[in-house]
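Everything on this sheet refers to the single structure shown next.
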Amino acid sequence: MREKLKIRDGKRMRFKGTFDRYGLKSAYKGLPLETVCLENIQTMQGEEVTDHLWFNHTKGFKALGLLYPGDVIAFDARVGSYLKGYGGEEYGQQVDYHLTRPTKLAVLGRAAPRNIYNICEKCGYANKINAERCRRCGVPFEEQLEAPKIDPKLRQTTFEEEFTSIMESIGVIRKH
C-alpha cells in the first residue's frame with residue numbers, strides 16, 4: 001500500500017514525476033487504451049510519495065508532445081483510493097491509493113530525444129523502434145503509407161534560395 005498517498009487521501013496537490021514509458025491497457029470495446037507510466041512521483045517539495053503510477057494518455061499528456069524516458073512532468077492530481085486485485089478480500093483484494101484526474105501538465109525538464117519510437121500512421125501510437133507492427137492496431141509497418149512525393153515546383157524554398165532569386169531578378173547578381 002502507498003502509505004504516503006494514504007495520508008493525503010482526497011486532497012488535490014501538485015506533483016512531479018519522471019516519464020518512463022508508454023503502454024496499453026485493454027478497453028471494453030475497440031482498440032486498447034494508451035497509458036503513460038511516470039516513476040519517482042514526488043510532491044513539488046521533493047518528498048517521494050510512490051515509485052511509479054500509470055495514467056491514461058489523456059489530452060493533457062498528448063498536448064506535451066512526444067515524451068522520452070527521463071522527461072520530468074509536473075501536474076495537479078487528486079489522491080484517491082481503489083481496490084487492487086480481483087475477487088474480494090478473501091482472494092487478496094485490498095485498498096490502495098493512486099493519483100487521479102491529472103491536470104495542468106507541464107514539462108519541467110526534457111531528456112535528450114532519441115530515435116526510440118516508430119509512430120503508427122494509422123492510430124498514432126508510439127511503438128518501440130524495433131517493432132514490426134503497431135502494438136495498438138496491429139498494422140505492419142511495411143504496409144504503412146510512405147511519405148507523399150512533393151512536386152519540385154511546390155517545394156518550399158530556403159531563405160538563401162529566395163534571396164538569390166530576388167537578387168537575380170533585379171539584376172544585382174548574374175544567373176549561373
Check your understanding: Is at least one residue of the range 26-45 within 23 Å of Val95 (Cβ to Cβ) and crowded, with 18+ Cβ neighbours inside 10 Å?
Key -> yes
Practice item. Looking only at the range 106-119, decide whether some residue is closer than 21 Å to Arg135 by Cβ and of a type in the set (A, V, I, L, M). Key: yes
Revision key, fill the gap. For the range 5-20 the number of residues that are of a type outside the set (A, V, I, L, M, F, W, C) and crowded, with 16+ Cβ neighbours inside 10 Å is 5
Check your understanding: Is it the case that Leu66 is in contact (Cβ under 8 Å) with a residue 24 or more places away in the chain, assigned to a loop (DSSP other than H, G, I, E, B) and under 21 Å from Gly124 (Cα atoms)?
Key -> yes
Review point. Would you say Val72 is within 30 Å of Glu132 (Cα to Cα), among the aliphatic types (A, V, I, L, M) and touching a strand residue (DSSP E or B) at 6+ places or on another chain (Cβ under 9 Å)?
Key: yes
Exercise for review: May I ask you to say which residue of Ala126, Ala74, Ala106, Ala112 is exposed (fewer than 11 other Cβ atoms within 10 Å of the Cβ), within 22 Å of Thr18 (Cβ to Cβ) and aliphatic (A, V, I, L, M)?
Suggested key: Ala112
Check your understanding: If you take the residues of the range 75-96 that are acidic (Asp, Glu) and part of a strand (DSSP E or B), which of them is modelled with the highest pLDDT?
Key -> Asp76
**Study point:** Residue list for the range 97-107, restricted to those being under 14 Å from the mean Cα position of the chain (by Cα) and either at pLDDT below 85 or among the hydrophobic types (A, V, I, L, M, F, W, C) (or both)
**Key:** Leu105, Ala106, Val107
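The values are calculated or read from the model by the stated rules, or taken from the named source; none is laboratory data. Note that the coordinates shown come from a computational prediction; the quantities given were computed from them, not determined experimentally. A quick note on method: Cβ atoms are made from the backbone with ideal geometry, for glycine too, and the neighbour counts reach across all protein chains shown.
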